[in-house]
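Presented below is the structure to which this report refers.
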Amino acid sequence: MKKIILAPSLLSADFGNLQKDIEMINRSEADWFHLDIMDGVFVPNISFGFPVVKYINRYAKKPLDVHLMIVQPERYIDEWKNAGADILTVHYEACTHLHRTIQEIKAAGMKAGVSLNPHTNVELLEDILPELDMVLIMSVNPGFGGQSFIKQSLTKIKKLRSMSDKTNPNLIIQVDGGVDKNNYKDILNAGANALVAGSAVFGAEDPEDMIKVLKKT
């Protein structure tokens, strides 16, 4: 039975009572905290920055999985490390010098991930795949929570897993967008081993129980 990494997305948490939701994730079977950082430029929305991530880090007892949906992410690598990031994911579409950015993330002491928008072909990662700890497949258009899963993402996941089996068998393939109890098994069967779930967890009657459901293979 393969280990499934579940990372609830705090974008869907109750920001009026954030500490309560952080403590719920600490208690739960979830593995990471997923933090979506948006700048209003790369995506048409703005989320939160360093002060909120530092606050989350103060209470979180599990790794912070920070997903940068921002232009020129290389400007802030050290700041995210100082804020508490354990995993830092940048967008392929936002990095002119992707290899250098990945090296800088690793040099700062974090795991390095690359995210792909729904329209971006996974084959574009072929040259850099051996350097990566994680690839994040966006299964919705990034920028807003609560969207429906794009089914074509399953084909991308299968193709990426086939590529990584040859050059980076330990690659974590994470999927974010529209993940719920109705489709998570299809996503895992396609070759993913990390799931981001926002609305599915925080919109559930019992979020802790929903986390248990999404961890079952």
Expected sort for 150-163, 67-80 on mean C-beta neighbours within 10 Å, highest first, is 67-80, 150-163
Karplus ³J(HN,Hα) for segment 76-88 (6.51 cos²θ - 1.76 cosθ + 1.60, θ = phi - 60°; Hz, whole; x = Gly/Pro) runs 10, 4, 5, 5, 5, 4, 5, 6, x, 5, 9, 10, 10
Quick calc, residue 75 & residue 167: beta-carbon distance into FRET formula, R0 30 Å, rounding 0.05, result 0.55
Under the rule rounded for a/c under 1.5, else prolate if a/b exceeds b/c, else oblate, using alpha carbon gyration tensor axes a ≥ b ≥ c, segment 62-147 is classed as oblate
Percent relative contact order for segment 1-91, counting Cα pairs under 8 Å at least six residues apart, stands at 28
For the table 62/106; 158/215; 20/151; 81/166; 61/215; 61/81, the rows whose alpha-carbon distance is greater than 27 Å are 20/151; 81/166
Working note, segment 5-215: Cα radius of gyration (Å, one decimal) and Dmax (Å, whole number) are 15.8, 46
Relative contact order in percent for segment 5-215 (Cα pairs under 8 Å, 6+ apart) equals 21
Whole-Å distance linking the alpha carbon centroid of segment 26-78 with that of segment 79-157 is 13
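Any read-out appearing in this document is the output of simple, stated calculations on the displayed coordinates, not a laboratory observation. Note that the structure is a prediction, hence the values are computed from the model and not measured. Cβ: placed from backbone, ideal geometry, glycine included. Neighbour counts: every protein chain shown.
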